[in-house]
1. Is one or more of the residues making up the range 101-117 surrounded by 15 or more Cβ atoms within 10 Å (Cβ to Cβ) and over 21 Å from the mean Cα position of the chain (by Cα)?
2. Consider the range 209-232. How many of its residues are buried (at least 21 other Cβ atoms within 10 Å of the Cβ), touching an Asp or Glu at 6+ places or on another chain (Cβ under 8 Å) and part of a loop (DSSP other than H, G, I, E, B)?
3. Test of understanding: among P235, P174, which residue is assigned to a loop (DSSP other than H, G, I, E, B) and not aromatic (F, W, Y)?
4. Considering T131, T190, which residue is among the hydroxyl-bearing types (S, T, Y), over 18 Å from E108 (Cα atoms) and in contact with a strand residue (DSSP E or B) (Cβ under 8 Å, 6 or more places away or on another chain)?
5. Identify, from the list V77, V32, V93, the residue that is in contact (Cβ under 8 Å) with a residue 24 or more places away in the chain, in contact with a Lys or Arg (Cβ under 6 Å, 6 or more places away or on another chain) and not in a helix (DSSP H, G or I).
6. How about the range 173-182: which of its residues are touching a residue at least 12 places away in the same chain (Cβ under 8 Å), closer than 19 Å to G118 by Cα and surrounded by fewer than 18 Cβ atoms within 10 Å (Cβ to Cβ)?
7. All but one of (1) buried (at least 22 other Cβ atoms within 10 Å of the Cβ); (2) of a type in the set (G, A, S); (3) farther than 21 Å from A245 by Cα hold for A132; state the number of the condition that does not hold.
8. From the list E65, E24, exactly one residue is in a helix (DSSP H, G or I), within 17 Å of L155 (Cβ to Cβ), more than 17 Å from the chain's Cα centre (by Cα) and of a type in the set (D, E, K, R). Which is it?
Amino acid sequence: MLRITSRQNPRLRDTAQLLASARERRKAGRCVLEGEHLVAVYAERRGAPEVLVVSEPFLARPGIEALCRRFGERTLVVPEALFGSIAVLPAGVGVLAVVPTPRLPASEGGDFCILLDGVQDPGNAGSILRTAAAAGVTHAFLSRHCAFAWAPKVLRAAMGAHFHLEIHEDVDLPAWAERYRDRGGRVVATVRDGGTDLYRSTLVRPLALAVGNEGAGLSPALVAVSSAKVTIPMPGGMESLNAAAAAAVALFECVRRFSDR
């Protein structure tokens with residue numbers, strides 16, 4: 001461990017720049033993980049981060065102390081005030097890790113996939129990824145107009161799901177869906193109106209579930225190449241659900257249906 005008292009330390013300065021700028025994160029191909037849970041999940045599934053930055057009072061936590069011992073020379077321990085000055089972070093974060101942003105080769109997907117079409121709210125994007133991982137989804141495909149999957153708010157909302165999924169960004173979803181369908185997969189488009197009742201629809205593997213933009217829903221091009229359209233019944237009279245809530249309902253109906261077979 002290296003104790004740092006100056007913001008001018010090159011590794012600390014670099015971490016602060018990455019936290020402050022989405023452009024810098026994309027340019028550098030790196031992202032910043034916030035909090036003990038997220039860093040621990042990364043360490044378990046991917047190994048050592050490039051840099052671990054710890055607020056000194058948090059060394060008393062057994063989990064963070066263990067991370068510091070494990071990644072000794074990569075660890076910067078800084079005073080609480082200095083840690084707080086490098087970025088606006090949620091209370092109680094205490095630890096940051098700089099890691100490479102994974103860039104995976106193009107993929108045709110797996111047995112259970114999620115498609116995010118223009119989901120722009122970082123909290124929604126992260127929540128959908130978290131739910132998808134919990135439901136056993138293996139691959140997530142995000143369109144060009146989705147929130148950046150490796151942005152801090154998305155990472156925070158996903159709670160480690162990024163390291164349980166293959167995440168592919170900037171995907172031409174209609175073209176991908178057409179190939180998936182042509183290979184025998186079923187592409188199920190969630191739509192607000194006019195689809196088959198979700199609970200009466202055919203949900204069989206291999207399946208890719210498509211969830212759309214918070215306001216506009218799915219693009220017409222993606223709906224046009226889907227195998228089926230489904231609508232969640234809402235007897236309470238509301239017009240629609242939040243995108244993350246709709247994804248959760250549909251994903252776990254898939255789980256229920258898969259387990260019945």
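1. no
2. Selection size over the range 209-232: 1.
3. That would be P235, the only listed residue that is assigned to a loop (DSSP other than H, G, I, E, B) and not aromatic (F, W, Y).
4. None of the others qualify; the one that does is T190.
5. Only one candidate qualifies: V77.
6. In the first step, residues of the range 173-182 are kept if they are touching a residue at least 12 places away in the same chain (Cβ under 8 Å); the result is 173-174, 176-181.
Filter again for closer than 19 Å to G118 by Cα, leaving 173-174, 176-178.
The one that is touching a residue at least 12 places away in the same chain (Cβ under 8 Å), closer than 19 Å to G118 by Cα and surrounded by fewer than 18 Cβ atoms within 10 Å (Cβ to Cβ): E178.
7. Among (1) buried (at least 22 other Cβ atoms within 10 Å of the Cβ); (2) of a type in the set (G, A, S); (3) farther than 21 Å from A245 by Cα, A132 violates only (3).
8. On the way: E65 fails: within 17 Å of L155 (Cβ to Cβ).
Only one candidate qualifies: E24.
The values are calculated or read from the model by the stated rules, or taken from the named source; none is laboratory data. Since this is a predicted model, take the numbers as computed values, not measurements. Cβ sites come from the backbone with ideal geometry, for glycine too, and all protein chains shown count toward neighbours. Quick note on the areas: whole protein, heavy atoms, side chains included, nothing else; ligands and nucleic acids left out. Shrake-Rupley method; radii C 1.70, N 1.55, O 1.52, S 1.80 Å.
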